[in-house]
1. Which GluC sites (Glu not before Pro) in the stretch 91-199 pass both tests, a DSSP loop state and at most 12 other beta-carbon atoms within 10 Å?
2. Which whole-Hz couplings ³J(HN,Hα) result when phi for each residue of the stretch 298-307 is put into the Karplus expression 6.51 cos²θ - 1.76 cosθ + 1.60, θ = phi - 60°, listed in order with x for Gly and Pro?
3. Rounded to the nearest 10 degrees, what's the angle between the helix 193-205 long axis and the longest principal axis of the chain, both from Cα atoms, 0 to 90?
4. For the stretch 62-77, take each phi angle, set θ = phi - 60°, evaluate the Karplus expression 6.51 cos²θ - 1.76 cosθ + 1.60, and give the result in whole Hz per residue in order, putting x for glycine and proline.
5. Which residues' amide hydrogens lie under 5 Å from the amide hydrogen of PHE76, considering only partners 5 or more residues apart or on another chain, with H built in the peptide plane?
6. Just want to confirm a number: the relative contact order over the stretch 252-392, from Cα pairs under 8 angstrom separated by 6+ residues, in percent.
7. Scan around VAL120 for amide H atoms under 5 Å from its own, H built in the peptide plane at 1.01 Å from N, and keep only partners 5 or more places away or cross-chain.
8. Check each of the trypsin sites (Lys or Arg not before Pro) in the stretch 302-392 and keep only those in coil by DSSP with at most 10 other C-beta atoms within 10 angstrom; list them in order.
Amino acid sequence: MAKDPGRIDQLLSKGVEEVIDEAHLRAALAAQKKLRIKFGIDPTSPDLHLGHAVALRKLRDFQDAGHTIVLIVGDFTGRIGDPSGRTEARKPLEPKQIKENMKHYLEQAGKILNVKKAEVAFNSQWFDNEGIEEFVKLASATSFQQILRRADFKKRIDEGLDITFLELLYPLFQGYDSVKIKADLEVGGTDQKFNLLMGRRIQRHFGQPEQDIMTFPLLEGLDGVKKMSKSVGNYIGLDDKPEDMFGKIMSLPDALIKKYFVLCTDVDESELKEIQKEENPKIQKERLGFEIVKLYHGEAAAREAKENFEKLFSKKEIPADIPELKLKKGENAVIDIVVAAGIKSRSEARRLIEQGGFDVDGRNEKDPQAAISVKGGETLKIGKKKFFRVKV
């Protein structure tokens, strides 16, 4: 357990937006109490990205300090959909879709957490088996007015948009998870604050000590504006290939460099100050890209990704802003990609490819029928001067 004041300070501050109740949590850490730390997973997507990794990295810090991580897979609550930050109702997920989405989730989380040492619970274990009497107890834990105070609900009411009764129940269900696993601490993004606080309220209602809560800043995606999201298309996936991950980071708005260093890397504060002395943001982003790729693919892959990027861009042939080319995820024939990029005929496309006019991430391909595995984020060069960034 963490006892050193400096280590405790790092746990409570690095990459953290807010802690409630910080004095209580600090005292528990100083007393070397082994905490049960809850993190809820709403299985709306099978893929993890750097935005998800912010919380997972902090959980790993606590895990390394000797605490127990409890991952709650919201296979029941996922059928409702978390309304946090939403301007419209989420479409409820079917059990089959939830199961499919969860298939690789823990495998990806294992790139950060030691999943074997964590507890993993599915909240359908209790919600599918407890009767109406327990539901009535839960429903009496708060008031209708209390739930409607949350900002996203107030906004929807003001705009005349519907709020389903299921959405009103969601915070209660998430809070009840804390009761079932006897959470000491729950973590999540700032958009989860209402739900995390509801956990404290419901634990109190059921006669348990209130959990502390810790929130993290939301990570903006590659557009520099919206929260990182696969549906928006502004994400960097944990399963992205090293060269794709590095290339996406190099396209990041300069204003987000420091935030990404703090939330997405192991670079400490003193080293970050030295990095920031470099006036050229491109060099800062090269270091950022190296540090992030190293975390998920290893140092050798990070060096190779950096070198390949430098080879591709060193001649300054590629403009700063290149258009996106929409392609289907998975295997695409080279000739189909070139036609999609605007070459008028397949015979012309074939000629261009066979003459060496097609590159993907700096690799030349002269076979028109060769299959290119597309995940999104690849840089294409077609002909001498046409460049595209793949979007799936």
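1. Hits after loop and neighbour filter: GLU159.
2. In residue order, the calculated couplings are x, 5, 4, 5, 5, 5, 5, 4, 5, 5 Hz.
3. 20 degrees
4. 5, 4, 5, 7, x, 8, 9, 9, 10, 8, 9, 7, x, 6, 7, 5
5. Placed amide hydrogens put ASN123, SER124 under 5 Å from PHE76.
6. Once normalised by length, the contact order is 20 percent.
7. Distant-sequence amide H within range of VAL120: LEU71.
8. LYS315, LYS316, LYS328, LYS344, LYS384, LYS385
The values are calculated or read from the model by the stated rules, or taken from the named source; none is laboratory data. Every value quoted in this text rests on a predicted model; they were computed, and no experiment measured them. Don't worry about glycine lacking a Cβ; one is built from the backbone with ideal geometry, like all the others, and counts go over all protein chains shown. All accessible areas refer to the heavy atoms of the entire protein, side chains included, with ligands and DNA or RNA removed. Shrake-Rupley method; radii C 1.70, N 1.55, O 1.52, S 1.80 Å.
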